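For reference, the structure is listed below as structure tokens.
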Amino acid sequence: MKEKSYFCEKQVTDETTNETNILEHEANDLKDEKYLEDVDTEIAGLVDEIILKRIQRTAKSALKRECSKDLKELLKVETKDTLKEIMNELNIEYKSADKKDDLIDKISINYEDAILKVLKYVDSDCYISLQKILKNNGIIPISGHMDESENSIFMQDMGMLYIAESDDKLYLCAPEQFLKVIPQIDKKSIEKNDEIIKLFRGMLYYYGGISAKEFMERLPEDAKIDLPLEEVEKILAMGEKTCAEYIYEDSFGLNGFLCDIQELEALKLQGLTDDYKQLTKTELLKASRRDYIGDKNNYKKFIKVIKDNYDIPGDGIEQLLEFTYETYQLEGKEELIKKALDHLSVPEFLDSEIINAIDDVCRKIPAWKYNGYTEAEKNNSNRVNIEKVRVGRNDPCPCGSGKKYKKCCESKGL
């Protein structure tokens, strides 16, 4: 979704979670995913091309590489460009004129220190994957490791894991130097990283996007972080690479449903508020859950109407709720109602019931354009502000409608 460039990136991240099954799976299923339905043909084709190129490159290396825990042996089948990509990820210096053997030697010499610096910033999910790798002594059949596929892709990009072939089977191979580093990881630091990432994801659920600096400033007192901003930024950047749940670029985070910061700024202009909802630690941690779209009670009325009138399976309901949440956040209530009525082919007698149910949902969702406040909270805030103003019945209504007070907010009981 970034210039619809981040949309591409999100799709690449989602789909490459299965890339290590390269000899057993085709990339054709990509077009079946829901998020491609609203992407134009040009972008979808570009995404497919990127993924296929990566799969082909990985397959080519895997078929040349034998199972091993020797770092140099694992690296020797890679191209110079791939070696340089690994060195960039690990912050290992090289010269443009370096030959392939020189690059491999530099990686080998600096590998352990570089890996340890990276692993300092990972979260608990990644840590669990690391422990599984260690338990399997660094050689893992691919079919047995795909539960942590995002972490697997991350570790391949960082030069920690390599796909190799043996007896017509694929394996993930970890260099011996990598296995030596894993026990040195401070588990308490990992737990702290985990909480920081969760708090950040929770804040992105409410606000849509926020800088690392503002994130630290807006944390409630019982969730304050005793780390320098630079360290927090490294943790958040690593969180994007390992969990693929948000975008993080130039010290700014965005909710995964957003394309770019310009889209968020446009939404904020609609909300016309500089006031941010104050959040508790409990609220932030609850909202940090994967694919979280709010408390299910928010959708209770809507779900009942749908189940009473449509035969939709459980996963279909979940997709509909995600569609409802995303469309409301990005396009607003009116557009959501229009799309829902069209998508569900709502008969006329059911129009008002569906509309009321959607309106009920929208009043309860913390909106990015309102900086985390719900529509109900925003309207209540406007009501409170109006009550503070003494106004005559024939005076212009302070809500800004242009109508007289007696024909506007007074008639609504405000």
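The values are calculated or read from the model by the stated rules, or taken from the named source; none is laboratory data. Because the structure is a prediction, the values reported are computed rather than measured. FYI the Cβ positions are ideal-geometry reconstructions off the backbone, even for glycines, and counts take in every protein chain you see.
The rows are residues; the columns are (1) assigned to a loop (DSSP other than H, G, I, E, B); (2) out of contact with any Gly (no Cβ under 8 Å at 6 or more places or on another chain); (3) touching a residue at least 24 places away in the same chain (Cβ under 8 Å); (4) not acidic (Asp, Glu).
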| site | (1), (2), (3), (4) |
| --- | --- |
| 179 | no, no, yes, yes |
| 189 | no, yes, yes, yes |
| 198 | no, yes, yes, yes |
| 214 | no, yes, no, no |
Which one of these does residue 118 not meet: (1) among the aliphatic types (A, V, I, L, M); (2) touching a Gly at 6+ places or on another chain (Cβ under 9 Å); (3) closer than 30 Å to residue 199 by Cα; (4) part of a helix (DSSP H, G or I)?
(2)
With the structure loaded, tell me whether residue 253 is among the small types (Gly, Ala, Ser) and without any contact (Cβ under 8 Å) to a residue 60 or more places away in the chain or whether it fails that test.
yes
From the list 279, 267, pick out the single residue that is in contact (Cβ under 8 Å) with a residue 60 or more places away in the chain, in a helix (DSSP H, G or I) and either hydroxyl-bearing (Ser, Thr, Tyr) or assigned by TED's automatic domain parsing to the domain that holds residue 196 (or both).
267
Out of 348, 322, 353, 326, I need the residue that is closer than 24 Å to residue 274 by Cα and either of a type outside the set (S, T, N, Q) or touching a strand residue (DSSP E or B) at 6+ places or on another chain (Cβ under 6 Å) (or both). Which one?
326
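Quick grid of which residues meet (1) buried (at least 20 other Cβ atoms within 10 Å of the Cβ); (2) closer than 24 Å to residue 233 by Cα:
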| site | (1), (2) |
| --- | --- |
| 73 | no, no |
| 80 | no, no |
| 88 | no, yes |
| 112 | no, yes |
| 119 | yes, yes |
| 132 | no, no |
| 139 | no, no |
Identify the single condition in (1) on the phi < 0 side of the Ramachandran plot; (2) crowded, with 20+ Cβ neighbours inside 10 Å; (3) not assigned by TED's automatic domain parsing to the domain that holds residue 133 that residue 208 does not satisfy, given that it satisfies every other one.
(1)
If you go through the stretch 91-115, how many residues are farther than 16 Å from residue 178 by Cβ, hydrophobic (A, V, I, L, M, F, W, C) and either assigned to a helix (DSSP H, G or I) or in contact with a Ser or Thr (Cβ under 6 Å, 6 or more places away or on another chain) (or both)?
1
Residue 176 vs. criteria acidic (Asp, Glu) and within 16 Å of residue 288 (Cβ to Cβ)
no
Taking the stretch 156-195 and the residues there that are of a type in the set (Asp, Glu) and within 25 Å of residue 84 (Cβ to Cβ), the one that is surrounded by the fewest Cβ atoms within 10 Å (Cβ to Cβ) would be 176
